[in-house]
1. Keeping to the range 26-48, report how many residues are surrounded by 13 or more Cβ atoms within 10 Å (Cβ to Cβ) and not basic (Lys, Arg).
2. Being in contact (Cβ under 8 Å) with a residue 12 or more places away in the chain and polar (S, T, N, Q) is the filter; apply it to the range 1-21 and report the residue that is most open to solvent (accessible area, probe 1.4 Å).
3. Every residue in the range 1-35 that is part of a loop (DSSP other than H, G, I, E, B) and within 30 Å of ARG65 (Cβ to Cβ), please.
4. Output the residue which, of all residues in the range 30-80 that are among the acidic types (Asp, Glu) and in contact with a helix residue (DSSP H, G or I) (Cβ under 7 Å, 6 or more places away or on another chain), is farthest from MET1 (Cα to Cα).
5. State yes or no: is ALA51 among the aliphatic types (A, V, I, L, M), free of Cβ contacts under 8 Å to residues at least 60 places away in the same chain and surrounded by fewer than 11 Cβ atoms within 10 Å (Cβ to Cβ)?
Amino acid sequence: MNDCYVPTIAYEKQRASLKQKLVAIDDNQELTSTKKKKEKEKINIMLDKLAEEENKQKDHVQHVRARFEKEKDNWFPQSN
């Protein structure tokens with residue numbers, strides 16, 4: 001299914017979860033500012049990778065669909 005569909009809802013849920021973690025880090029009084037900065041940096045890297053992955057997935061689906069559209073008439077030749 002990954003060739004035909006981009007699970008945008010799953011990507012949105014994961015982004016929302018990571019953003020909640022960013023807020024939780026700010027609210028956590030037990031962490032030092034250095035640890036907060038490190039954790040935020042780690043989560044921001046994960047957000048960037050997630051966005052990159054989603055874009056790659058969208059490009060892949062677009063290429064697969066274009067190929068399907070181009071080749072679909074040859075799959076089931078009509079016989080007389």
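The values are calculated or read from the model by the stated rules, or taken from the named source; none is laboratory data. Please read these numbers as outputs of a predicted model, since none were measured by experiment. Cβ: placed from backbone, ideal geometry, glycine included. Neighbour counts: every protein chain shown. The accessibility values were calculated without ligands, DNA or RNA, using every heavy atom of the protein model including side chains. Shrake-Rupley method; radii C 1.70, N 1.55, O 1.52, S 1.80 Å.
1. 5
2. Selected residue: ASN2.
3. MET1, ASN2, ASP3, CYS4, TYR5, VAL6, PRO7
4. GLU39
5. Numbers: among the aliphatic types (A, V, I, L, M): yes; free of Cβ contacts under 8 Å to residues at least 60 places away in the same chain: yes; surrounded by fewer than 11 Cβ atoms within 10 Å (Cβ to Cβ): no.
Here the answer is no, as ALA51 does not meet what is asked.
Listed here are the residues, each with its yes/no results for (1) touching a residue at least 40 places away in the same chain (Cβ under 8 Å); (2) within 19 Å of ALA10 (Cβ to Cβ).
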position	(1), (2)
LYS37	no, no
ASN55	no, yes
LYS58	yes, yes
ALA66	no, no
